[in-house]
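*Asks:* Sending over a structure as structure tokens; questions will come in a sec.
The values are calculated or read from the model by the stated rules, or taken from the named source; none is laboratory data. This structure is a prediction, so every number in the text was calculated from the model and none was measured. Cβ coordinates were reconstructed from backbone atoms using ideal geometry, including for glycine residues, and neighbour counts include every protein chain displayed.
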Amino acid sequence: MLISTKGRYALRVIIDLAEHNDGKYIPMKDVAERQELSLKYLERILPVLTKNKLIAGVHGKGGGYRLLRAPEEYTVGEILRLTEGNLAPVSCLECDADPCRRITECRTLEMWQGFFKLTNEYFDGITIADLMKKSDSDNNTMI
């Protein structure tokens, strides 16, 4: 499984909005500058986040984006599933996959199901608030 730039950038946007939250809308150009991301690319990610009610956006003067919930209420898993489609390691575990004709003989299905479960549980156990915490160690991991 490879997390695309769409998923990684969405996390950076949400974290940035959380860190700079003062109740006002934050211009996306400010987020793009701070995160060193292309504003044009962010404009492709923002509709997914607004449509799914993770952030709110207002156009025009004084406009921008803001979070709709507290950072503790957003999980990495939720954001990655929205931007990546899902986190299935193999096509037969994707949400709309046709049943595999080899399911009864598949020697690896349980392994992939276990990996899929671990992946989802891991990412669902990490919140945006967790990612906002500064590390005291350069080698800090969330394992």
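*Asks:* Can you run down the residue pairs with Cβ atoms below 9 Å, 6 or more apart or on separate chains, where the first is in the range 56-75 and touching a residue at least 60 places away in the same chain (Cβ under 8 Å) and among the hydroxyl-bearing types (Ser, Thr, Tyr) and the partner is buried (at least 17 other Cβ atoms within 10 Å of the Cβ) and not in a loop (DSSP other than H, G, I, E, B)?
*Replies:* From residues that are touching a residue at least 60 places away in the same chain (Cβ under 8 Å) and among the hydroxyl-bearing types (Ser, Thr, Tyr), the pairs are TYR74/ILE14; TYR74/ALA18; TYR74/LEU67; TYR74/THR127; TYR74/ILE128.
*Asks:* Among the residues of the range 105-118, how many are modelled with pLDDT of 95 or more and either farther than 15 Å from SER91 by Cα or touching a helix residue (DSSP H, G or I) at 6+ places or on another chain (Cβ under 6 Å) (or both)?
*Replies:* Going through the range 105-118 one residue at a time, the tally reaches 1.
*Asks:* Mind checking whether some residue in the range 2-19 is touching a Gly at 6+ places or on another chain (Cβ under 6 Å), part of a helix (DSSP H, G or I), surrounded by fewer than 17 Cβ atoms within 10 Å (Cβ to Cβ) and not charged (D, E, K, R)?
*Replies:* no
*Asks:* Follow-up. Given ALA88, ALA56, which one is of a type outside the set (Val, Ile, Thr) and closer than 30 Å to TYR25 by Cβ? It would help to see each step written out before you state the result.
*Replies:* Details: ALA88 fails: closer than 30 Å to TYR25 by Cβ.
After applying the criteria, what remains is ALA56.
Residue-by-condition table, conditions (1) surrounded by 15 or more Cβ atoms within 10 Å (Cβ to Cβ); (2) over 26 Å from ARG12 (Cβ atoms):
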| position | (1), (2) |
| --- | --- |
| ALA56 | no, no |
| LEU82 | yes, no |
| CYS100 | no, yes |
| LYS133 | no, no |
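*Asks:* Among the helices (runs of 4 or more DSSP H) contained in the range 27-116, which hold 2 or more residues that are touching a strand residue (DSSP E or B) at 6+ places or on another chain (Cβ under 9 Å) and aliphatic (A, V, I, L, M)?
*Replies:* Correct list: 28-35, 39-51.
*Asks:* Does the range 26-38 hold any residues that are within 16 Å of GLY57 (Cβ to Cβ) and over 18 Å from the mean Cα position of the chain (by Cα), and which are they?
*Replies:* Scanning the range 26-38 gives ILE26, PRO27, LYS29, ASP30.
*Asks:* From (1) assigned to a loop (DSSP other than H, G, I, E, B); (2) at pLDDT 85 or above; (3) surrounded by 12 or more Cβ atoms within 10 Å (Cβ to Cβ), pick out the condition that doesn't hold for ALA129.
*Replies:* Of everything listed in (1) assigned to a loop (DSSP other than H, G, I, E, B); (2) at pLDDT 85 or above; (3) surrounded by 12 or more Cβ atoms within 10 Å (Cβ to Cβ), ALA129 misses just condition (1).
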